[in-house]
Amino acid sequence: MNIYVYAFLTTHLTITFVSLYLHRYLTHRHFVLNPVFAYVIRLYLWLTDGVVAKPWVAQHRKHHRYTDVQGDPHSPKIMGYWRVTLHCFIPNFVRIYQYFDTDWALEHYGAGVPNDWIERNVYAKYPRLGLILFLLIDVLLWGLIPGILVWLFHLFFVPFLTTASITGFAHWFGYKHPDAKDNSRNLFPIGILICGDELHNNHHREPNNPNFAHRPFEFDLGYLYIKIFEKLNLIKLNINSKTIH
């Protein structure tokens, strides 16, 4: 496999699993996920993103509860566009989510996130260890310098798209519906790079809708993946999904 193809595929898969697993499954319960498939995704995200699921889910749910008003854990409108965007661009290897100053807020907004042995003792306890192992894999596959460069590309490109673009840019510029009640925006009508999360305003208008494309000219790649996984019996859509407030 070509190193550029490898970098693209591993990065795209991480972005896809962030959107489908952390965002649409854990946060909004858009669907029920096959447990074996869920374990595979959790392992992959630990290796390639270093994300801790509970605070990620909790901050996103609280963001929906207090979008662009006091209480929003990462509103560019309140905290400043560049401050939020640049902070979210920092890779998870360096930055761990620290949005909650009370255990109650973390437990309330993070309810329903896996809390099994491997989550408590590996994924949440050693979030950076996965990224170090991923670095070793890259070096073994491609050699010292190319492996480090691929790892650094992945390390910075994923948070730029999945966190900085959505948390910062998608509350900064783009288009939105006339009846939108907050400052969220659709970055681009074709949701491919961020697996459909480009349609951020659409998602804020209907947070329990697994399809972020609401108009004929819009496309949500993440929803296409959901339908494919549904055909493979790895996903079962949940018509009663509801975001915790």
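Amide H to amide H distances under 5 Å link F31 with N238, where only residues 5 or more positions off or on other chains count and H is placed in the peptide plane. Between the helical axis of 144-159 and the longest alpha-carbon principal axis of the chain there is an angle of about 10 degrees.
What per residue convex hull volume, in Å³, do the alpha-carbon atoms of the chain yield? Could the numbers behind the result be given before it?
Details: hull volume 32.5 nm³, N = 245.
Spelled out: Cα convex hull of the chain, divided by residues, is 132 Å³.
If you sort the three axes of the alpha carbon gyration tensor as a ≥ b ≥ c, you get a/c of 1.5 or more for region 126-188 and a/b above b/c, which makes it prolate. FRET efficiency for D179 and H108, Cβ-Cβ distance as r, R0 = 22 Å, nearest 0.05? Plugging the Cβ-Cβ distance into 1/(1 + (r/R0)^6) gives 0.15.
Note the per residue figure in Å³ for the convex hull of the C-alpha positions in region 105-232.
Working: hull volume 22.3 nm³, N = 128.
It is 174 Å³ per residue.
Relative to the dominant Cα principal axis of the chain, helix 221-231 is inclined by about 80°.
Note on N2 and L152: with the Förster distance fixed at 22 Å, the Cβ-Cβ geometry gives a FRET efficiency of about 0.75. Judged by the ratio a/c of the largest to the smallest principal axis of the C-alpha gyration tensor, region 164-245 counts as prolate, that ratio being 1.5 or greater while a/b is larger than b/c.
Rolling a 1.4 Å probe across the protein heavy atoms gives the chain an accessible surface of 49 Å² per residue.
Give the angle, between 0 and 90 degrees and rounded to the nearest 10, that separates the Cα long axis of helix 53-65 from the longest principal axis of the Cα atoms of the chain. In the chain, helix 53-65 runs at an angle near 20 degrees to the longest axis.
Using the per-residue mean of other Cβ atoms lying within 10 Å as a proxy for protection, in what order, highest first, do the peptides 138-145, 150-157, 164-171 fall? Mind dumping the intermediate values first?
Values: 138-145: 14.1, 150-157: 18.6, 164-171: 23.2.
So the peptides 138-145, 150-157, 164-171, ranked by packing, come out 164-171, 150-157, 138-145.
Carbon and sulfur: what percent of the chain's accessible surface (1.4 Å probe)?
Values: 7960 of 11940 Å².
The nonpolar share, carbon plus sulfur, comes to 67 percent.
Overall, the chain carries a charge dipole of about 240 debye about its Cα centre when +1 sits on the Cβ of Lys and Arg and -1 on the Cβ of Asp and Glu, all other atoms neutral. Relative contact order, whole percent, for the chain stands at 27, derived from Cα pairs under 8 Å and 6 or more residues apart.
The values are calculated or read from the model by the stated rules, or taken from the named source; none is laboratory data. None of the values given here were measured: they were computed from a predicted structure. A quick note on method: Cβ atoms are made from the backbone with ideal geometry, for glycine too, and the neighbour counts reach across all protein chains shown. Accessible surface areas use protein heavy atoms only, side chains included; no ligands, DNA or RNA. Shrake-Rupley method; radii C 1.70, N 1.55, O 1.52, S 1.80 Å.
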